[in-house]
1. Show the residue pairs meeting these rules: Cβ distance below 7 Å; 6+ apart or different chains; first residue within region 402-416 and at negative phi; second residue exposed (fewer than 10 other Cβ atoms within 10 Å of the Cβ).
2. Please count how many residues of region 370-417 are closer than 30 Å to K318 by Cα, of a type in the set (A, V, I, L, M, F, W, C) and touching a strand residue (DSSP E or B) at 6+ places or on another chain (Cβ under 8 Å).
3. Suppose we filter region 68-80 for residues that are part of a strand (DSSP E or B) and either touching a residue at least 40 places away in the same chain (Cβ under 8 Å) or not assigned by TED's automatic domain parsing to the domain that holds K115 (or both); how many remain?
4. Quick one: in region 92-113, of everything that is part of a loop (DSSP other than H, G, I, E, B) and hydrophobic (A, V, I, L, M, F, W, C), which residue is farthest from the chain's Cα centre (by Cα)?
5. Quick check on V334: is it not hydroxyl-bearing (S, T, Y) and not in a helix (DSSP H, G or I)?
6. Consider only pairs whose beta carbons are under 7 Å apart and that are at least six residues apart or on different chains; among these, list those whose first residue lies in region 44-67 and is under 14 Å from R104 (Cβ atoms) and touching a residue at least 24 places away in the same chain (Cβ under 8 Å) and whose second residue is assigned to a strand (DSSP E or B) and of a type in the set (F, W, Y).
7. Based on what the data block shows, is D374 modelled with pLDDT under 95 and farther than 17 Å from A234 by Cβ?
Amino acid sequence: MQKFGINTVKLVLISILLMGFGPVSFAKNAIEGLRIWPSPNTTRLVFDLSDTPKYTYFTLQKPYRLVIDIENTPKTFDFSKVANESKLVKKVRYSKAKNSGSVRVVIELSKNVEKNIFALPPTSPYGDRLVIDLNDPTASVPKVVLDAQSRTDRDIIIVIDAGHGGEDPGSIGRGGSYEKNVTLGIAKRLESLINKEKGLKAVMTRTGDYYISPNKRPQLARKHKADLLVSIHADAFTTPQPNGASVWVLSMRRANTELGRWMERTERHSELLGGAAEIIQDTANERYLAQALLDMSMDHSLTTSYDLSRDVISHLGKVTRLHKSKPQAASLAVLTSPDIPSVLVETGFISNPKEEKNLNWSAYRQKLAQSIFDGIKQHFKSSPPDSSLWAKWKSENRTHKVRSGESLSLLAQRYKVRVSSLKKANNLNTDVVRIGQVLTIPRT
């Protein structure tokens, strides 16, 4: 029998391995998937990878392209099967790599866009990722236009923020439900209820499954001159027991921090002072005025947020268990506007199997949306913003104390309103009124 040395055996084994696996075995990484998340003005591309990516990139023009080289990665994933509804991305394809062990990915773009490229570590349910954020700086953000008539009879603007979205699923229930889908479902129902109410107008921070930075959400509210920002979320915990809804407002400590940031950014003072910023020439006085206005604005914003959150809690308690019966304060990125009343509604625990089932039920989402709407309506009915149509209605509404011999029909004739309007304004089921009863006389 022929004898082999140990080195010979090693060489034979290496040869067998090379024959069995070929050149692909040298690649330490692999593209396992690609997801494209478009929004009205931005697009996020997420490459799912088997390991931490080592990459370089450069851009080309005429036509516009973003070229990414990923080391130690084979060309095995089929980009043609990836759904793409982005207005910024025309195509994703391969090109000739700079060496045999790397892969070159070309993203064909429809225009020149801002680009942000970064890697993300594994976070359940995802593994390693390479993220490309594309932003169209020329895209215009729709704004609420107030004409001359609406300056005194304007709608109350309520910005609805459906938490998470796109690459950020939020919390994930034991049954596989994503928080981002729950929040969007409730937000759309709330939007519909608000837009059906005369004098109210809803604006969504996102209308589909795409990602928006938490810090950009209050900025969107400011662009729309919002009277309220309400952010919809679903809570989660490490155990399935916790349940119930809660409402959160910005903590005083975080509010003061944000106030300081605004004061340091003098270019933003004009957002608070409006036309007065052009009149005030003394920068020192301008700063003092900005400080005073910010203090008053923040105080009003926090007070309004707290009062409104109590109204929302009272109505939420009619359709679901409350995890917290009073408003909770926290340092949350989506609630950082010192000048806009903002609340965050945790509609329940998606980590609780029973509540996860409820949160996926259409009728239950409608009930939650209705309860949030009822709380918002209750607040603005009693404290409408200045110059709004609801403020005008409130000033026009009168009261009348019923005297002996008076009836609804007599009062309707006197104030030139309908009997049905009188009954609706006072929640009356019959035509009977009592002596001494105070009635609200609605607008004609």
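The values are calculated or read from the model by the stated rules, or taken from the named source; none is laboratory data. Quick caveat, the model's predicted, so the values are computed rather than measured. Counting neighbours? That spans all protein chains shown, and the Cβs are built from the backbone with ideal geometry, glycine included.
1. Listed by first residue and then by second, the contacts come to V402/R434; V402/G436.
2. Summing the residues that are closer than 30 Å to K318 by Cα, of a type in the set (A, V, I, L, M, F, W, C) and touching a strand residue (DSSP E or B) at 6+ places or on another chain (Cβ under 8 Å) in region 370-417 gives 5.
3. Adding up the residues that qualify gives 2.
4. This residue is A97.
5. Here the answer is no, as V334 does not meet what is asked.
6. Every condition considered, the pairs that remain are L66/Y57; V67/Y57; V67/F58.
7. When the stated conditions are applied, D374 does not pass them.
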